[in-house]
1. Could you figure out which of (1) more than 16 Å from residue 112 (Cβ to Cβ); (2) modelled with pLDDT under 95 isn't true of residue 4?
2. What pairs come up if the first residue lies in the stretch 80-97 and is within 15 Å of residue 4 (Cα to Cα), the second is of a type in the set (D, E, K, R), and their beta carbons are under 6 Å apart, counting only those six or more places apart or on different chains?
3. Scan 91, 12, 27 and give me the residue that is closer than 20 Å to residue 135 by Cβ and of a type in the set (Gly, Ala, Ser).
4. Report, by residue number, each residue of the stretch 1-17 that is farther than 14 Å from residue 65 by Cα and of a type in the set (Gly, Ala, Ser).
5. If you scan the stretch 37-94, which residues turn out to be at pLDDT below 95 and among the aromatic types (Phe, Trp, Tyr)?
6. Tell me, please, whether a residue that is closer than 17 Å to residue 100 by Cα, among the hydrophobic types (A, V, I, L, M, F, W, C) and touching a strand residue (DSSP E or B) at 6+ places or on another chain (Cβ under 6 Å) can be found in the stretch 7-17.
7. Can you tell which of 37, 41, 15 is touching a residue at least 60 places away in the same chain (Cβ under 8 Å) and loosely packed, with under 15 Cβ neighbours inside 10 Å?
8. When only residues in the stretch 121-143 that are touching a helix residue (DSSP H, G or I) at 6+ places or on another chain (Cβ under 9 Å) and under 18 Å from residue 20 (Cα atoms) count, which is modelled with the lowest pLDDT?
Amino acid sequence: METKEWILLAISCAKDGSLSPVQLQKSLFLLGRMFSKEVGKEYYQFMPYNYGPFCQTIYSDCEVLAAEGLIDIGRSINPGWTEYSITAKGSKHAEKLNRKVSAEAYEYLQEVVNWARSITFQQLIRSIYSKFPEFRANSVFQE
């Protein structure tokens, strides 16, 4: 499975089919930590950044997925924020991808995506920092 396809799976796990950048970044980060063997060595490499674990390649891969018609990149209801939404074509592709990954990894991804969506931005960042304090380095998030 191509690394960018994990993005598509993550977005497809959201109940309304959309994720904010921080929700996507943190969900993929947690997936990589819990299922490192399944996602493989070519998986996203996260570094400490403004709001914790961050990988610029995720945004590049989102642009590729959008060009392929699998996701839409639009404006969020929050001013100045982007939102990644799955398209009908993307949903069909995600259904095929779901069969390529273990049930455990897919269920975990569903759980972590919906958890990330159920809490505020601040709660999400705090939670990541509490479990992975090494990603607080370089943070602009102040409590």
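The values are calculated or read from the model by the stated rules, or taken from the named source; none is laboratory data. All figures in this text were calculated on a predicted structure; none of them were measured in a lab. In this analysis, Cβ positions are derived from the backbone assuming ideal geometry, glycine residues included, and neighbour counts consider all displayed protein chains.
1. Answer for residue 4: the failing condition is (2).
2. The qualifying pairs are 85/72; 97/5.
3. Values: 91 fails: closer than 20 Å to residue 135 by Cβ; 12 fails: closer than 20 Å to residue 135 by Cβ.
Going through 91, 12, 27 in turn, the sole match is 27.
4. 14, 17 - these are the residues of the stretch 1-17 that are farther than 14 Å from residue 65 by Cα and of a type in the set (Gly, Ala, Ser).
5. 49, 51, 81, listed by residue number.
6. Pass one, the stretch 7-17, residues closer than 17 Å to residue 100 by Cα: 7-13.
Narrowing the set further to residues that are among the hydrophobic types (A, V, I, L, M, F, W, C) leaves 7-11, 13.
Next cut, touching a strand residue (DSSP E or B) at 6+ places or on another chain (Cβ under 6 Å) only: 11.
Yes, the stretch 7-17 has at least one match.
7. Of 37, 41, 15, the one residue that is touching a residue at least 60 places away in the same chain (Cβ under 8 Å) and loosely packed, with under 15 Cβ neighbours inside 10 Å is 15.
8. So the residue we want is 141.
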